[in-house]
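Notes to accompany the following structure.
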Amino acid sequence: MLNIRDVRTSYGKIAALKGVSLDIREGGLTCLLGPNGAGKTTLIWTIAGILKAQAGSINMGGDELVGLKPHNIVTKGVVTVPENRLVFPEMSVLDNLHAGAFAYFKDKEGVARDLEDVLQRFPRLRERSGQMAGTLSGGEQQMLAVGRALMARPKILLMDEPSTGLAPIIVEEIFEIIGGLRDEGRTIFLVEQNATLALKYADHFYLLEQGHVTFGGQPGEVDHDELIQRAYLGARKAS
Ligand SMILES: Nc1ncnc2c1ncn2[C@@H]1O[C@H](COP(=O)(O)OP(=O)(O)OP(=O)(O)O)[C@@H](O)[C@H]1O
Ligand SMILES: [Mg+2]
């Protein structure tokens, strides 16, 4: 569905992605594991067009995404749920959800239908629909970030560490939501440091280390303990 080939992205002189190639398969959950600073967020922002790839190709069904403006990438159906959720704290839950549908504001009926779907999926967002997003709990903000992304009519959801900063029981809940989206046949690219949990849900995974994809496969094919160790090793080194 999305084919990434030899993508390079730098911050000034600092190379963060040093030729990354991977495939996000349609109707599955592809996980990207890797320690702090590996380049995971950089890859998400590069796919989303917010950071510019200096080289390489990101292809979706024959369309090249490198060089497109971020909002054009969103309207092609590549929608990001960013790291740390980034909901608009001083806007209501409803306004945050409407913000996700920015490209469809003329289609009022369609947006109303999408909104009803999201509120059915997340009853807690309905209960809190008038509340400022900044007053929600971390787990609720994560649901809101997912709901906002669904309002953008995604063909692919890019999710950057949805478990960050959440209590373990809430993380389980968020993963159940992600698993549910996958079971509906949605295409999801999930960046996670929580390798143990990610491998429970993933159909395919890749390991990113220092800007390189060093490993990939299906969770059933590999020794989880070794992989989990590698996914965290850099994190220990960095601290
Ligand atoms: N704005 C920036 N300016 C300069 N260097 C940056 C910037 N953002 C990230 N980097 C560097 O790029 C590399 C990759 O960072 P990135 O945030 O993509 O890693 P990550 O895998 O998402 O890490 P984490 O697990 O901590 O979220 C790191 O070495 C980081 O220091
Ligand atoms: Mg990151």
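Rule-based calculations on the coordinates, nothing more; no lab input. Small disclaimer: the values here were computed from a predicted structure and weren't measured. Glycine gets a Cβ as well: all are built from the backbone with ideal geometry, and neighbour counts include every protein chain shown.
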For the chain, which longest stretch is free of loop sites, where a loop site is one of the trypsin sites (Lys or Arg not before Pro) that DSSP puts outside H, G, I, E and B and that has at most 12 other Cβ atoms within 10 Å?
107-239
Those GluC sites (Glu not before Pro) from the stretch 21-90 that are DSSP loop and have at most 15 other Cβ neighbours within 10 Å turn out to be GLU26, GLU90
Taking the Cα-to-Cβ direction at THR196 and at SER57 and moving 7 Å from each Cα, how far apart do the two end points lie in nm?
4.1 nm
Computed [θ] at 222 nm, helices only, for the chain once each DSSP H run of length n ≥ 4 contributes -39500 (n - 2.57)
-11500 deg cm²/dmol
What shape does the stretch 85-136 have by the C-alpha gyration tensor, where a ≥ b ≥ c are the square roots of the eigenvalues, rounded means a/c under 1.5, and otherwise prolate means a/b greater than b/c and oblate the rest?
oblate
Candidate lysines - alpha carbon under 30 Å from LYS200, same-chain residues fewer than 8 apart omitted
LYS18, LYS40, LYS76, LYS155, LYS237
Subtracting the Cα-Cα distance from 0.36 nm times the residue separation, let me have the gained length for ALA99 to GLU184 in nm, one decimal.
28.2 nm
In terms of the alpha carbon gyration tensor, root eigenvalues a ≥ b ≥ c, rounded if a/c is under 1.5 and otherwise prolate when a/b exceeds b/c or oblate, the stretch 110-168 is oblate
When a/c reaches 1.5 or more, the comparison of a/b and b/c decides; with that in mind, is the stretch 66-179 rounded, prolate or oblate per its Cα gyration tensor?
oblate
Once you list every other residue whose beta carbon is under 13 Å from the beta carbon of VAL66, what net charge do they have if Lys and Arg are +1 and Asp and Glu are -1?
+2
